[in-house]
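Following: one structure in structure tokens, then a few remarks.
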Amino acid sequence: MFIVPIILAILLLLVFFQGWFIVEQQTVAIIETLGKFTKVAHAGFHFKIPFIQTVAGRLSLRVQQLDVKAETKTLDNVFVHVLVSVQYMVRDVNIYEAFYKLQDPVTQINAYVFDVVRARVPTIKLDDLFIKKDDIAIAVKEELSETMGSFGFDIVNVLVTDIEPDSKVKEAMNEINAAERMRVVASEKGEAERILKVKSAQADAESKALQGKGIADQRKAIIEGLSESVGEFQNRITTSSAQEVMNLVLLTQYLDTLKEIGQTSHNNTILLPHGPGAVSELAQQIQQAIIVGNAVGKDTTGQKKNKA
């Protein structure tokens with residue numbers, strides 16, 4: 001008597017648990033009736049006929065990413081690994097095509113990425129490959145969009161995220177880059193040293209020019225002072241000659257110089273044997289030099305006039 005109700009209760013429970021199902025957000029379930037497509041169940045609570053209808057599969061409507069690493073060689077015969085990231089999603093209006101027409105979308109996308117990469121990269125040199133990686137990404141996206149679109153997939157974006165040459169090639173490239181930078185450093189350092197030397201030479205030239213101007217001004221002032229002293233002395237003592245006055249002035253300067261040397265402490269001046277008579281000899285030498293210079297100047301001027 002109690003066995004039949006128990007069996008019926010068990011059957012009802014089985015029917016209940018076999019009949020209802022839940023679909024998660026951004027996911028769809030494919031419902032088949034006796035092996036034939038019936039409908040698409042979107043997110044939420046659903047019920048199907050037990051043992052007659054089944055959930056054939058589920059598809060995610062989210063944007064998915066597939067990373068494909070393809071090995072190929074460049075135009076200059078350098079083997080590289082190109083990492084391509086493909087972002088794709090199933091179109092909501094083409095769920096049937098995405099589920100039934102394409103058995104393995106991941107394998108299909110891998111195949112097309114390999115095909116495009118191995119067709120484009122061998123036409124580009126390694127140095128240009130890093131610059132033209134966006135061109136490769138665009139080519140992959142165009143190829144995938146055209147092919148996968150017929151299966152209900154949208155290619156959202158394609159990115160070439162990494163290009164890895166062989167380790168020896170990378171070391172060689174780094175050495176070339178380092179050598180190039182060292183050359184630039186050496187050039188800049190040489191230019192800086194040249195500028196410093198030029199500036200130093202200009203400063204030295206300006207210093208010497210100013211020093212020469214100072215010496216010239218000093219000598220001019222001495223000559224003017226001597227001229228005033230000689231003129232004033234001759235005005236007061238009319239019987240004195242210019243030579244006598246000059247000897248007296250030189251003797252005065254001579255004695256002043258000895259006084260300054262004697263008053264300076266910690267000096268290393270060496271005094272040779274001398275006497276006041278040396279001042280007269282010095283004055284005579286200066287006078288003779290002036291006379292000879294004037295004579296040479298007159299002789300040079302006369303020659304120029306004769307040639308003219």
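All of the numbers you see were taken from the coordinates with simple rules; none came from a lab. Keep in mind that this is a model prediction, so the values were computed, not measured. Ideal geometry is used to build each Cβ from the backbone, glycine not excepted, and the neighbour counts take in all protein chains shown.
Odds and ends about this structure:
- Dividing the convex hull volume of the alpha-carbon atoms in the stretch 64-165 by its residue count gives 75 Å³ per residue.
- Other residues lying with their Cβ under 11 Å from the Cβ of residue 144 contribute a combined charge of -4, Lys and Arg counting +1, Asp and Glu -1.
- Of the trypsin sites (Lys or Arg not before Pro) found in the stretch 53-89, those that fall in a DSSP loop while having at most 13 other beta-carbon atoms within 10 Å are 62.
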